[in-house]
Each structure stands twice: as C-alpha cells, then as structure tokens.
Amino acid sequence: MSNRRDVWITGIGLVSSLGEGLEAHWQALSATPKPVTDEGTFLPYVVHPLAKIDFDKQIPKRGDQRQMEPWQRIGTYAAGLALASAGIAGNKDILSTTDMVVAAGGGERDQSVDGAILTDIEKQPKPDVFLNEQLQSNLRPTLFLAQLSNLLAGNISIVHGVTGSSRTFMGEESSGTDAVRIGWSRIAAGTSEIALVGGAYNAERRDMLLLFALKRLAMHAPWAPVLADPKGVPTGSAGAFLVLESPEHATARGAKPIAKLSGVWSERARRNDPAAVEAVLEQLVTAAKGPDATGTAILSAASGAPEPTRAEVAVLARSGLPVRSVTDRVGHGLEAQMPVALALASLAVSEGQLFAPLPGETLEKPFDGPLSRAIVTAVGHWRGEGVALVERVD
C-alpha cells in the first residue's frame, strides 16, 4: 500500500491574454468565441498579448517594479494572486515555511542597447575597445542572463515574503512540468506541507520571436487552432502559480481545496525517432487516464510546433476523450505553459464543466459532464513530454 499523501491545490494565480484571476478566465472561456491575439505588432507573427494589468495591486513599490523585467513582474503578480487565493497572503508564519519551485527562462535582453551596439560597432576604429566599454556601462557583464532566472523567485520572496526553500528550473516547457512535479512529489512524500509552484513568460519581446522565427517555428498570421493545423507556435504572455498543500495542513488552517493534483509525470523521448514522442506520451496518458475515465477530459498544452504537435494529436485522438487546447486560448508560454494549463484544468474541474470548443478546433468529442477529472498534456516544442492529472474534491 502506498504511503503517498494527497496533494490539494488551495490557491491559483493566473494572468494571460484573457485577463487576471479565475473568475475573469472562466467568463472568457465560457463566452469568448475566439482567442485574444495580436497579428499586427510583430508582423507577420501571431502573439497572445497580456491583458491590461495594474501591477501596483500585487507589487505596490514602484522601485520593485522598475528593477524587474516584464516576465518577472508577470510572475510576481501571478504569485501574489495565488497567495491571496489560498488565503495566506501576508501570513508570515505560513509564508516562512512555504517552499517555492519556479520555472523560468533566461533574462530579457535590452533590445535598444543591442541595436545601438550593432549599429555603432561597424563605425568604430577599435571595435573591441568599444564593445568592452559597452559591457562595462550597458550590458551588465557581471550578471549572465541565465542567472536572472533566479530573480523571479527572489522577487517573489522580497515582495510577498515567501521564505521557505527555493528552487528554480530552466529548460523551456519541461521546466514548468518539473517545477510542478517536484512541488507535488515533496508534499506527497511528506517532506513539505505547502508550496508555491509556477512560472511566467513574456511573449511580447522581439528577441524570443527572432529565435522562434530562425527555427521556422513562429506561427505566421492568420491564427489557426494548433491541434487542427500545427503550423507554428503562437506564443503568449502569461503567468500562473499554484499553492500546493497537504490536506492535513490545509484543514488545520480551515482552507478548502480547489482541486486535487493526483499525479505529474515527466519524460524525454528521442526526437530523432518520429514515433518516440507518440510512444512516450501514450504511456503517460494511459497512466493518468487509469482504468475508469468517466468524467475525464484532456487539456492539451501542445505548442503548435508541427512535428511534436502532430504526434500529440495522434495520441489524443486515440484516447477517446474530449480535448481542449490551452494554447488556442492563451497562446504558448514555454516555461509557464504547464502551470497555466493546470490552472485552467483545476478551474474547469472545480466548476464541473468543460468549456466549449473554439471554431475550427478538432477532437471536440461531445461531453455532457459533469467534469470530475482533467488530464493535462504538455509536449515541448523540441524536447520533453509532461502529463498531469487534476481531480475534483467533493
């Protein structure tokens, strides 16, 4: 018999192109006939822009906001929403023992500085001297961009007072899966009682769009459903944090669960084998599905990258379950995508309803409900496969 404890989700903080908070997202999912996209600012690419947010509500000090990059503000804001949702915002006793696991990418480049250097360096008689001068004054040579990932956790700790243990994972979509998996595993094993897990991504930045474009992975306008027509990745600005908690800890403080996180699985298939992603994902979905799939749906966080998304579609079609695409609704948030998908899955399960498909979506099997279980799939655009299971708590 397993000694693994249940893990409850007692708080959710979510911001995306659909708005902020659970109520705004549920209203948008229930009523919006098409996603919120920007097909003009970054021509010819599709981006899901962040909804207008008053960051002062969760990051009251303007000085704190100024020293954060946009993705850090998004994450710190979402973390504050999650703590408030769980009823522990400002509770120093609980926050001092709250562990934190964050999924984050590298730091954002200063595009204006990069552009100015590339423009001026060709005019310099001594370009090496010029570059060294710029490194000393503009490019922060003492702080490698990858080190900036840790600053999201640091800012959450400073702004919101979360001072338990802290871990940061990097590695695109896989880091989001592993952040949730580690938080879940520690509580299930009894080595932690409460944890804040999640990530954030700013899609409205030309450096990341350039990387996707160079890989021929950025979605060109017009927008299209990724499962029906995987022609590229429609990136989206988003942040999501979940408060995971043992039932014993939650009950002792009078907290109610939004949903139960029943499992998180993470693997890496050999991407040089076209059938490998299908085989790995099939195994993970089967493990999450279990012997009785009554009241179960799948929320796919498929990226839209053609090859891995086609492999995911094949597995989802064989599952026999109704499918909804998270990416179609809020875009693809890389490190934040699994936390975002889990937030939406938990919301749907808590409501007992599966939101309607968007026009053009496929795999939308009829579903009368009630929704009691949601399987979340997250296949990385070039590495990593993850699956999670969320269940209703009556």
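The values are calculated or read from the model by the stated rules, or taken from the named source; none is laboratory data. Everything numeric in this text was worked out from a predicted model, so none of it was measured. Here Cβ is always computed from backbone atoms with ideal geometry, including for glycine, and neighbour counts include all displayed protein chains. With ligands, DNA and RNA removed, areas are computed over all heavy atoms of the protein, side chains included. Shrake-Rupley method; radii C 1.70, N 1.55, O 1.52, S 1.80 Å.
Suppose we keep only residues that are of a type in the set (D, E, K, R) and in contact with a helix residue (DSSP H, G or I) (Cβ under 9 Å, 6 or more places away or on another chain) within the range 332-368. Which one would you say is nearest to L321 (Cα to Cα)? Ranking the candidates gives E361 first.
Note on the range 18-43: residues that are more than 24 Å from A343 (Cα to Cα) and in contact with a helix residue (DSSP H, G or I) (Cβ under 9 Å, 6 or more places away or on another chain) amount to 1.
Say whether the condition of being over 30 Å from E267 (Cβ atoms), modelled with pLDDT of 95 or more and β-branched (V, I, T) is met by at least one residue in the range 189-201. Checked the range 189-201: no residue is over 30 Å from E267 (Cβ atoms), modelled with pLDDT of 95 or more and β-branched (V, I, T). Within the range 70-89, residues that are without any contact (Cβ under 8 Å) to a residue 24 or more places away in the chain and closer than 21 Å to N202 by Cα reach partners that are open to solvent by 10 Å² or more (accessible area, probe 1.4 Å) and not in a loop (DSSP other than H, G, I, E, B) with beta carbons closer than 7 Å, at six or more positions or on different chains, in the pairs R73/F55; R73/Q65.
Give Q67, Q27, Q72 a once-over and let me know the one that is under 29 Å from F355 (Cα atoms) and polar (S, T, N, Q). Going through Q67, Q27, Q72 in turn, the sole match is Q27. Listed by first and then second residue, the pairs linking a residue in the range 109-137 that is in contact (Cβ under 8 Å) with a residue 24 or more places away in the chain to a residue that is of a type in the set (A, V, I, L, M) and not in a loop (DSSP other than H, G, I, E, B), with Cβ atoms under 9 Å apart and 6 or more places separating them unless they lie on different chains, are R109/L145. Is at least one residue of the range 116-130 touching a helix residue (DSSP H, G or I) at 6+ places or on another chain (Cβ under 8 Å), among the acidic types (D, E), closer than 30 Å to P225 by Cβ and modelled with pLDDT under 95? The answer is no; no qualifying residue exists.
Reported count of residues in the range 79-101, each being open to solvent by 50 Å² or more (accessible area, probe 1.4 Å) and within 21 Å of A51 (Cα to Cα), is 2.
Scanning for something in contact with an Asp or Glu (Cβ under 7 Å, 6 or more places away or on another chain) and either among the aromatic types (F, W, Y) or buried (at least 22 other Cβ atoms within 10 Å of the Cβ) (or both), does the range 67-78 turn up at least one residue? Yes, some residue in the range 67-78 is in contact with an Asp or Glu (Cβ under 7 Å, 6 or more places away or on another chain) and either among the aromatic types (F, W, Y) or buried (at least 22 other Cβ atoms within 10 Å of the Cβ) (or both). Residue check: R216 meets all listed conditions (1) farther than 24 Å from I187 by Cα; (2) open to solvent by 40 Å² or more (accessible area, probe 1.4 Å); (3) over 23 Å from the mean Cα position of the chain (by Cα) but one, namely (3). Counting the residues of the range 20-39 that are surrounded by 11 or more Cβ atoms within 10 Å (Cβ to Cβ) and either assigned to a loop (DSSP other than H, G, I, E, B) or basic (K, R) (or both) gives 7.
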